[in-house]
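Q: Next up is a structure, given as structure tokens.
The values are calculated or read from the model by the stated rules, or taken from the named source; none is laboratory data. Please read these numbers as outputs of a predicted model, since none were measured by experiment. Note: ideal-geometry Cβ built from the backbone for every residue, glycine included; neighbour counts use all protein chains shown.
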Amino acid sequence: MKKYSLHIVWLYPDLMSTYGDRGNIITLEKRLIWRDIEVSTQMLSINDDPQLLKKADFIFMGGAQDREQTIVAKDFERGKAHVLHQLIEEDIPGLYICGAYQFLGKYYKEADGTEIKGLGILDLYTENPGNLPRLIGNTLINTNFMESENNLVGFENHGGRTYLGNNIKPLGKIVKGYGNNGTDSTEGAIYKNSFGSYFHGPILPKNPYFADHLLTLSLQKKYQEDISLSQLDDSVEMKAHQAIVSRLSRGV
Ligand code: GLN
């Protein structure tokens with residue numbers, strides 16, 4: 001039996017997982033296995049028992065198009081919204097990408113004006129104005145929530161523009177790209193141990209230290225002790241990271 005273990009719950013993998021979001025799960029699993037930490041991943045989707053979510057030490061949910069978000073919104077109302085709200089308030093760490101991030105806010109208004117109700121956990125809302133281009137491309141932000149590093153790279157593709165309220169901090173500040181809305185230089189949001197971002201790509205393989213930040217939070221929350229992860233050889237991951245940084249600095 002291993003000293004530590006983590007249970008990951010992956011919400012709606014069949015409906016909400018675009019532009020490589022699945023790579024985030026692979027990254028988290030591998031980085032635990034390489035350190036001899038036990039990991040189990042449970043996929044939960046439409047009609048699955050919301051109570052299973054309560055076993056999560058870490059929650060992941062990826063992006064989707066509006067059609068899938070509409071389907072998921074109905075299922076959330078059948079119990080998962082309530083449990084997820086509870087877990088986020090209890091500091092259970094999680095990563096929510098694009099459409100999932102939009103869900104955590106008050107609402108997402110589609111281009112035709114249809115409103116998809118959000119869970120109302122985070123002080124933010126999202127609207128697709130309908131008459132503006134989608135926000136697409138590689139992105140770089142400066143951050144200040146991690147001890148080891150101070151930037152993240154990703155790939156964004158969204159029509160919705162997200163606006164943060166006063167009670168929420170952004171994940172970072174845009175260096176290159178669009179982020180939350182293309183106008184206020186913010187990207188993503190942090191609330192307790194939950195992280196929302198527009199970064200597909202996927203985000204974690206190209207920012208391995210962010211993956212470790214999330215894993216450390218999850219282990220510390222579960223075991224209530226100061227746990228520091230052993231160092232891994234991230235030279236390949238950092239080459240992928242640097243490739244995006246240098247491409248963006250050359251204006252490509
Ligand atoms: N449907 C949302 C938008 O376009 C989310 C897109 C996504 O998750 N990639 O804004």
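Q: Looking at Lys30, Lys74, which is the one that is more than 27 Å from Gln220 (Cα to Cα), in a helix (DSSP H, G or I) and either at pLDDT 95 or above or in contact with a strand residue (DSSP E or B) (Cβ under 7 Å, 6 or more places away or on another chain) (or both)? Reasoning before the result, please.
A: Numbers: Lys30 fails: more than 27 Å from Gln220 (Cα to Cα).
So the residue among Lys30, Lys74 that is more than 27 Å from Gln220 (Cα to Cα), in a helix (DSSP H, G or I) and either at pLDDT 95 or above or in contact with a strand residue (DSSP E or B) (Cβ under 7 Å, 6 or more places away or on another chain) (or both) is Lys74.
Q: Right, another one. Could you run through the range 149-196 and say how many residues are within 20 Å of Ser249 (Cα to Cα) and more than 16 Å from the ligand (Cβ to nearest atom)?
A: Going through the range 149-196 one residue at a time, the tally reaches 11.
Q: Still on this model: So Met146 ticks every box in (1) more than 16 Å from the ligand (Cβ to nearest atom); (2) aliphatic (A, V, I, L, M); (3) within 19 Å of Tyr178 (Cβ to Cβ) but one. Which box is left unticked?
A: Tallying (1) more than 16 Å from the ligand (Cβ to nearest atom); (2) aliphatic (A, V, I, L, M); (3) within 19 Å of Tyr178 (Cβ to Cβ), Met146 fails exactly one: (3).
Q: Do we have Leu215 as away from the ligand (no atom under 16 Å from the Cβ), closer than 24 Å to Leu122 by Cα and either at pLDDT 95 or above or not acidic (Asp, Glu) (or both) here? Walk me through how you get there before you give the answer.
A: Values: away from the ligand (no atom under 16 Å from the Cβ): yes; closer than 24 Å to Leu122 by Cα: yes; either at pLDDT 95 or above or not acidic (Asp, Glu) (or both): yes.
Yes; evaluated as a whole, the condition is true for this residue.
Q: Residues of the range 118-131 being more than 9 Å from the ligand (Cβ to nearest atom), closer than 19 Å to Gly62 by Cα and not aliphatic (A, V, I, L, M), which ones?
A: First, the residues of the range 118-131 that are more than 9 Å from the ligand (Cβ to nearest atom): 118-125, 127, 129-131.
Still in the running and closer than 19 Å to Gly62 by Cα: 118-122, 124-125, 127.
Listed by number, the residues that qualify are Gly118, Gly120, Tyr125, Glu127.
Q: Output the number of residues of the range 33-62 satisfying the condition of being within 20 Å of the chain's Cα centre (by Cα), of a type in the set (D, E, K, R) and not in a loop (DSSP other than H, G, I, E, B).
A: Qualifying residue count for the region: 2.
Q: Could I ask something else about it? Exactly one condition in (1) without any contact (Cβ under 8 Å) to a residue 40 or more places away in the chain; (2) over 23 Å from Ser246 (Cα atoms); (3) not β-branched (Val, Ile, Thr) is false for Ser185; which is it?
A: (2)
Q: Hey, could you check the range 55-64 for residues that are surrounded by 14 or more Cβ atoms within 10 Å (Cβ to Cβ) and either closer than 17 Å to Leu122 by Cα or not aliphatic (A, V, I, L, M) (or both) and say which is nearest to the ligand (Cβ to nearest atom)?
A: We begin by selecting, within the range 55-64, every residue surrounded by 14 or more Cβ atoms within 10 Å (Cβ to Cβ); these are 56-64.
From what is left, the residues that are either closer than 17 Å to Leu122 by Cα or not aliphatic (A, V, I, L, M) (or both) are 57-63.
On the way: Asp57: 25, Phe58: 20, Ile59: 17, Phe60: 14, Met61: 10, Gly62: 7, Gly63: 3 Å.
Looking at the filtered set, the residue picked out is Gly63.
Q: While we're looking at this one, here's another question. Any chance you could count how many residues in the range 70-117 are within 13 Å of the ligand (Cβ to nearest atom), closer than 26 Å to His7 by Cβ and either charged (D, E, K, R) or buried (at least 19 other Cβ atoms within 10 Å of the Cβ) (or both)?
A: Summing the residues that are within 13 Å of the ligand (Cβ to nearest atom), closer than 26 Å to His7 by Cβ and either charged (D, E, K, R) or buried (at least 19 other Cβ atoms within 10 Å of the Cβ) (or both) in the range 70-117 gives 10.
Q: Scan the range 1-24 for residues that are within 15 Å of the ligand (Cβ to nearest atom), surrounded by fewer than 24 Cβ atoms within 10 Å (Cβ to Cβ) and touching a residue at least 60 places away in the same chain (Cβ under 8 Å) and jot them down.
A: Keep residues of the range 1-24 that are within 15 Å of the ligand (Cβ to nearest atom), which gives 11-24.
From the residues that got through so far, the ones that are surrounded by fewer than 24 Cβ atoms within 10 Å (Cβ to Cβ) too are 13-15, 18-20, 22-23.
Listed by number, the residues that qualify are Thr18, Tyr19, Gly20, Arg22, Gly23.
Q: Okay, moving on. Name the residue, out of Phe199, Phe155, that is in contact (Cβ under 8 Å) with a residue 12 or more places away in the chain, crowded, with 23+ Cβ neighbours inside 10 Å and of a type in the set (A, V, I, L, M, F, W, C).
A: Working: Phe155 fails: crowded, with 23+ Cβ neighbours inside 10 Å.
Of Phe199, Phe155, the one residue that is in contact (Cβ under 8 Å) with a residue 12 or more places away in the chain, crowded, with 23+ Cβ neighbours inside 10 Å and of a type in the set (A, V, I, L, M, F, W, C) is Phe199.
Q: With the condition kept exactly as written, say whether any residue in the range 121-131 is more than 14 Å from the chain's Cα centre (by Cα), assigned to a strand (DSSP E or B), surrounded by fewer than 16 Cβ atoms within 10 Å (Cβ to Cβ) and aliphatic (A, V, I, L, M). Steps first, answer last, please.
A: At the first step, the residues of the range 121-131 found to be more than 14 Å from the chain's Cα centre (by Cα) are 121, 123-131.
Then keep just the ones that are assigned to a strand (DSSP E or B); that gives 124-127.
Next, only the ones that are surrounded by fewer than 16 Cβ atoms within 10 Å (Cβ to Cβ) stay: none.
No, the conditions are met nowhere in the range 121-131.
Q: Sort out which residues of the range 100-132 are touching a helix residue (DSSP H, G or I) at 6+ places or on another chain (Cβ under 6 Å) and free of Cβ contacts under 8 Å to residues at least 40 places away in the same chain, and write them in order of number.
A: Answer for the range 100-132, where residues must be touching a helix residue (DSSP H, G or I) at 6+ places or on another chain (Cβ under 6 Å) and free of Cβ contacts under 8 Å to residues at least 40 places away in the same chain: Gly118, Thr126.
Q: If Ser40 meets every condition in (1) crowded, with 20+ Cβ neighbours inside 10 Å; (2) among the polar types (S, T, N, Q); (3) away from the ligand (no atom under 12 Å from the Cβ) apart from one, which number is that one?
A: (1)
Q: When you scan the range 132-143, how many residues do you find that are away from the ligand (no atom under 16 Å from the Cβ) and either buried (at least 20 other Cβ atoms within 10 Å of the Cβ) or in a loop (DSSP other than H, G, I, E, B) (or both)?
A: Within the range 132-143, the subset away from the ligand (no atom under 16 Å from the Cβ) is 140-143.
Imposing the further condition that a residue be either buried (at least 20 other Cβ atoms within 10 Å of the Cβ) or in a loop (DSSP other than H, G, I, E, B) (or both) reduces the set to 140-141, 143.
So the count comes out to 3.
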